Amino acid sequence: MTELEKRGGNLGVETRAGGDKRTLTGYAAVFQSDTAIGDYFVERIAPGAFSGTLGGDIRALVDHDWGRVIGRTKSGTLRLVEDERGLKVEVDVPNTTDGNDLWELVERGDISGMSFGFRVTKQSWDETGDTPIRTIEAVDLYEVSAVAFPAYDDTSIGKRDLEAARAEAGKAKADEERRRQNAAAAARRIAEREAITNQRIRGIRQDAP
């Protein structure tokens, strides 16, 4: 997977103030929650999908805008935890224009969702039903965002993933068929050599005095 995908949902984001610290809390992702990606497939995130990536240097953004950073794991202003529900987010909101505006918008209820940007590193597909199901098993996480429109997007990338998975499955099937044919051809060659050898042995025995 080479392209960055973004996912989100109406999972809620809340304000929490204590002393001089203002913290936004919420979930950027929930496990085993099926979501339709366009008309292409259903997607779910498996528990543990974030476990291998939370040690990275991840940013908190506003609306996936890399020019509007409001937190960072490296500085301790962004904290991420994978619990039994999903990916929990805590962001200490800065005293900046973006931070102050975001705080006000969340308090007013104008912004109520979270999202995350990622690349899939491990996935599986189930096409036994009417609609394919994509299970995301592991990701590289780059950012989490407070968003005004927390819809699932980048469906074209997801569609290409489905097409790539089908192409890979087709290639595996073709490779297996070639291996079967090669094994059958090898068995025929061995049988032919054995038959020739047996004929020669029988011919020698018949000519013996």
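The values are calculated or read from the model by the stated rules, or taken from the named source; none is laboratory data. Small disclaimer: the values here were computed from a predicted structure and weren't measured. In this analysis, Cβ positions are derived from the backbone assuming ideal geometry, glycine residues included, and neighbour counts consider all displayed protein chains. All accessible areas refer to the heavy atoms of the entire protein, side chains included, with ligands and DNA or RNA removed. Shrake-Rupley method; radii C 1.70, N 1.55, O 1.52, S 1.80 Å.
Residues that are open to solvent by less than 30 Å² (accessible area, probe 1.4 Å), of a type outside the set (Val, Ile, Thr) and more than 17 Å from the chain's Cα centre (by Cα) were ranked within segment 19-36; the one that is nearest to THR131 (Cα to Cα) is GLY26.
Inside segment 1-18, can you point out the residues that are farther than 20 Å from TYR142 by Cβ and surrounded by 14 or more Cβ atoms within 10 Å (Cβ to Cβ)?
Residues of segment 1-18 farther than 20 Å from TYR142 by Cβ: 10, 12, 14-18.
Matches in segment 1-18: THR15 only.
Here GLY52 qualifies as part of a loop (DSSP other than H, G, I, E, B), farther than 19 Å from TRP125 by Cα and not hydrophobic (A, V, I, L, M, F, W, C). Residue under question is GLY56, and the condition is that it be within 17 Å of the chain's Cα centre (by Cα), in contact (Cβ under 8 Å) with a residue 60 or more places away in the chain and open to solvent by 70 Å² or more (accessible area, probe 1.4 Å); does it hold? So GLY56 fails the test. When ILE136, ILE70, ILE111 are checked against the criterion of being surrounded by 15 or more Cβ atoms within 10 Å (Cβ to Cβ), in a loop (DSSP other than H, G, I, E, B) and in contact (Cβ under 8 Å) with a residue 12 or more places away in the chain, a single residue qualifies: ILE111. Report yes if ALA28 is closer than 18 Å to LEU105 by Cβ, in contact with a strand residue (DSSP E or B) (Cβ under 6 Å, 6 or more places away or on another chain), among the hydrophobic types (A, V, I, L, M, F, W, C) and not in a loop (DSSP other than H, G, I, E, B), otherwise no. When the stated conditions are applied, ALA28 passes them.
Anything in segment 73-104 that is outside any loop (DSSP other than H, G, I, E, B) and more than 25 Å from the chain's Cα centre (by Cα)? List them, or say none.
Kept after step one, since they are outside any loop (DSSP other than H, G, I, E, B), are these residues of segment 73-104: 78-82, 86-92, 97-104.
Correct list: ASP92, THR97, ASP98, GLY99, ASN100, ASP101, LEU102, TRP103, GLU104.
Within the set GLU14, GLU43, the sole residue that is within 25 Å of PRO132 (Cα to Cα), touching a helix residue (DSSP H, G or I) at 6+ places or on another chain (Cβ under 8 Å) and of a type in the set (D, E, K, R) turns out to be GLU43. Residues of segment 85-98 being in contact (Cβ under 8 Å) with a residue 40 or more places away in the chain and out of contact with any Ser or Thr (no Cβ under 9 Å at 6 or more places or on another chain), which ones? Those that are in contact (Cβ under 8 Å) with a residue 40 or more places away in the chain and out of contact with any Ser or Thr (no Cβ under 9 Å at 6 or more places or on another chain): ARG85, LEU87. Of everything listed in (1) closer than 25 Å to GLY18 by Cα; (2) assigned to a strand (DSSP E or B); (3) among the basic types (Lys, Arg), the single unmet condition for LYS122 is (1).
If you filter segment 73-108 down to residues that are touching a Pro at 6+ places or on another chain (Cβ under 9 Å) and among the charged types (D, E, K, R), you find that the one that is surrounded by the fewest Cβ atoms within 10 Å (Cβ to Cβ) is GLU84.
Checking the conditions here, which among ALA183, ALA164 is open to solvent by 40 Å² or more (accessible area, probe 1.4 Å), at pLDDT below 75 and in a helix (DSSP H, G or I)? Let's see the steps before the verdict.
On the way: ALA183 fails: at pLDDT below 75.
Criteria check complete, one pass: ALA164.
Can you spot a residue in segment 99-115 that is in contact with an Asp or Glu (Cβ under 6 Å, 6 or more places away or on another chain) and charged (D, E, K, R)? Show your work before the answer.
If we filter segment 99-115 for residues that are in contact with an Asp or Glu (Cβ under 6 Å, 6 or more places away or on another chain), which is where we start, we get none.
Taking every residue of segment 99-115 in turn, none turns out to be in contact with an Asp or Glu (Cβ under 6 Å, 6 or more places away or on another chain) and charged (D, E, K, R).
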